[in-house]
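To start, the structure itself, in structure tokens.
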Amino acid sequence: MKAVILARGSDNYADESSDSRIPKYLLEVGDKTILERQIDILVSCGIKKEDILIVIEGKGDLWDDKSIDKVKSIHQQVIMNEESLKKNQAYSFLLAIQNVDEEVLCLDANILFGFAPIQKMINNKQKSVLLTTKKRRFKEGNKVLVKIDRILGI
């Protein structure tokens, strides 16, 4: 199994106590970034580190050489989406999987998660699995229409 982590450069975190703006997944939680924690959890779930691909945008609000170098220092398998201003994350995902012929777990780099949900997804026998949260009211952003246990739309 391969894992693809999609790391956008347009989601930001502005520290109110400073002028620094960095991608959310480079925020440190304890002694590690969110991205490092994701990689550690994937490895603990049995995915080899070399089977984890990170796709970063070549352009975006927060992409500077410092952010790009930080991601590359965290992980070796990094793919750059140089078309990110014209093409969305679906294109980033395509860049990652174009030569992959096995199961793929795709994650958003901004999400802080634990071991259990990832292990549950890996062990699921369904053809496709989507992990989301259930909310009564949606804010702006991605939305998933679910009825009982069926995805009706995204």
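Every number in this text was worked out from the coordinates using simple rules, so none of it is lab data. As the structure is a computational prediction, the values presented were derived from the model and not from experiment. Methodologically, a virtual Cβ is constructed for each residue, glycine included, from the backbone with ideal geometry; neighbour enumeration extends over all protein chains shown.
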For this session: Pull up all non-local amide H partners of Leu107: gap of 5 or more, or a different chain, and H-to-H distance under 5 Å with H placed in the peptide plane.
Result: Val4, Ile5, Leu6
Exercise. Hey, what do the phi angles of segment 69-77 turn into as Karplus ³J(HN,Hα) couplings, whole Hz, using 6.51/-1.76/1.60 and θ = phi - 60°, x for Gly and Pro?
Worked result: 4, 5, 4, 5, 6, 7, 8, 7, 8
For this session: Could you list which residues have their amide H under 5 Å from that of Glu83, counting only those 5 or more apart in sequence or on another chain, with H placed in the peptide plane?
Result: Gly58
Seminar exercise, completed: Distance in nm between Glu102 and Ile79 label points, each 7 Å along Cα→Cβ, equals 1.6
